[in-house]
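Here is the structure we will look at.
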Amino acid sequence: MDNTKVLLAKRLKQLRKSKGLTQEKLAELIGRDTKHISKLELAGSYPSIETLNRIANALQVELKDIFNFDSVQNKQFILDEFQDMLKDADENKIQKMYKLFRCIID
């Protein structure tokens, strides 16, 4: 998958969460459906410039701030992402992730 698309997806999610908005609320604010926001945050597609402008306005940030990927590549962000993945996983999935992680770091 395109790294820029993944970074943009993570950044959009980070900004939305930092404003305390759900995907549903952001979708409402920009006149899109929730599936559209979900797809963007899962790096399923690139947003149009019009959608990016609407998102920036809804999140009260400048358009350029959406492309500041430094914060989605730092240690704390990655740890938070791991925590989010783990909280929604069942025991079997957690065990698989642990085994995979152990293989990578050993």
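Bear in mind that the values in this text are calculations on the coordinates, not laboratory data. This structure is a prediction, so every number in the text was calculated from the model and none was measured. For neighbour counting, all protein chains shown are included, and Cβ atoms are generated from backbone atoms with ideal geometry for every residue, glycine included.
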Residue among Asp65, Asp33, Asp84 with the largest mean-square fluctuation in a Gaussian network model of the chain, springs linking Cα atoms under 10 Å: Asp84
Low-density loop positions, chymotrypsin sites (Phe, Trp or Tyr not before Pro), the range 62-96 - DSSP coil, at most 12 other Cβ in 10 Å: Phe67
Highest-fluctuation residue, Leu86, Leu26, Leu15 considered, GNM on the chain with Cα pairs under 10 Å: Leu86
Mean Cβ neighbour count within 10 Å, used as a protection proxy, ranking 39-46, 88-95 highest first: 39-46, 88-95
Mean separation of Cα contacts under 8 Å, 6 or more apart, over the residue count of the chain: relative contact order %: 28 percent
Entries of Lys64/Lys93; Lys17/Lys64; Lys39/Lys87; Lys19/Lys93; Lys19/Lys99 with Cα pairs more than 28 Å apart: Lys64/Lys93; Lys19/Lys93; Lys19/Lys99
FRET efficiency for Arg102 and Ser38, using Cβ-Cβ distance with R0 set to 30 Å, rounded to 0.05: 0.45
Top positive-direction residue, dipole computed over the range 35-106 with Cβ charges, set Leu86, Leu52, Asn68: Leu86
Percent of Cα-Cα distances greater than 20 Å, calculated over the chain: 44 percent
